[in-house]
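Visitor: To start, I am sharing the structure in question, which I have written as structure tokens.
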Amino acid sequence: MKVAIIMGSDSDLEVVKKGLNILKDFGVEFEARVLSAHRTPHLAVEYAMGLEERGFDVIIGAAGKAAHLPGVIAGVTNLPVIGLPIKSSTMDGLDSLLSIVQMPSGVPVATVAINGAENAALLAIQILSVKSPELRTKFKAYKVSMAEAVVAKDKKIQELL
Ligand code: RP5
């Protein structure tokens, strides 16, 4: 089970890394590449078209500004594509979000929040966990520890007030 992460620029890496760390924590195999829908369109399409045959299951496409990358990828693959809008411009990432989320019907891109790299990775893990009991168990444990952290914070605040 493998996830491919394609980012439009190396300037996206700082945000994308947060998602890569989650994939590492869950022990999910991934490949991360810098390929642009505008600057290297032929390479990006060629790479995306080969992923299914290479055994990948999910693709995360991260891009900012006129963020066409996830949509272009979704157009040339049968694999599910998660779009990660990067806040990289003077419009606070709203341009990236709208470019990614407003896909025409027939070509879905599951779009997460602006800079939501963690959720992109977690959604990829949830998709993989449909066929992986091991990942599902890890995901359940993740949710439990997240809830425990909130309960601990609540307790701490009660003690302070
Ligand atoms: C997009 O343009 C990239 O995904 C990046 O978010 C944005 C800016 O790229 P750089 O000019 O920093 O390379 O294609």
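Visitor: How much net charge surrounds GLY93 when only other residues with a Cβ under 14 Å from its Cβ are counted (Lys, Arg +1; Asp, Glu -1)?
Guide: Charge balance near GLY93 sits at -2.
Visitor: Between LEU135, ILE5, SER145, whose Cα lies farthest towards the positive end of the dipole of the chain when Lys and Arg beta carbons carry +1 and Asp and Glu beta carbons carry -1, centred on the Cα centre?
Guide: SER145
Visitor: Moving on to the next point. Would you work out if the chain is rounded, prolate or oblate? Take a ≥ b ≥ c from the square roots of the eigenvalues of the alpha-carbon gyration tensor; rounded if a/c is under 1.5, else prolate when a/b is larger than b/c, oblate otherwise.
Guide: Oblate, since a/c reaches 1.5 and b/c is not below a/b.
Visitor: Sticking with this one: Convex hull volume of the Cα atoms in region 77-145, per residue, in Å³?
Guide: Considering the Cα atoms of region 77-145, their hull volume per residue is 99 Å³.
Visitor: Could you tell me which GluC sites (Glu not before Pro) in region 16-123 are loop residues by DSSP with no more than 10 other beta carbons within 10 angstrom of their beta carbon?
Guide: Taking region 16-123 and a limit of 10 other Cβ atoms within 10 Å, the loop GluC sites (Glu not before Pro) found are GLU53.
Visitor: Further question: If we count other beta carbons within 10 Å of each Cβ, what is the order of VAL16, VAL144, fewest first?
Guide: VAL144, VAL16
Visitor: If we count other beta carbons within 10 Å of each Cβ, what is the order of TYR47, TYR142, fewest first?
Guide: Values: TYR47 20, TYR142 15.
Ordered from fewest to most neighbouring Cβ atoms within 10 Å, TYR47, TYR142 come out as TYR142, TYR47.
Visitor: Taking the alpha-carbon distance from LYS18 and a cut-off under 12 Å, which aspartates and glutamates remain once sequence neighbours fewer than 8 residues away in the same chain are dropped?
Guide: Answer for LYS18, where 12 Å is the Cα cut-off: GLU118, listed by chain and number.
Visitor: Taking other Cβ within 10 Å of each residue's Cβ, how do HIS38, HIS68 sort, fewest first?
Guide: By the 10 Å Cβ count, ascending, the order reads HIS38, HIS68.
Visitor: Straight-line reach from LYS153: which lysines have a Cα under 22 Å away, not including same-chain ones fewer than 8 places off?
Guide: LYS140, LYS143
Visitor: In terms of modelled amide H atoms, which long-range or inter-chain residues lie less than 5 Å from the amide H of THR111?
Guide: Correct list: GLY83.
Visitor: Using helices alone, I'd like the mean residue ellipticity at 222 nm for the chain: each DSSP H run of four-plus residues gives -39500 (n - 2.57), total over residue count, nearest 500.
Guide: It lands at -16000 deg cm²/dmol.
Visitor: Can you give me the three principal axis dimensions of region 1-51 from its C-alpha atoms, in Å, biggest first?
Guide: Here the spans come out as 33, 25, 8 Å, largest first.
Visitor: Under the rule a/c < 1.5 gives rounded, and otherwise a/b versus b/c splits prolate from oblate, where does region 1-89 land using the Cα gyration tensor?
Guide: The shape class here is oblate.
The numbers here are math on the coordinates, done by the rules we state, and not lab data. Keep in mind the model is a prediction, meaning the values are calculated, not measured. Here the Cβ is made from the backbone with ideal geometry for all residues, glycine too, and neighbour counts use every protein chain on show.
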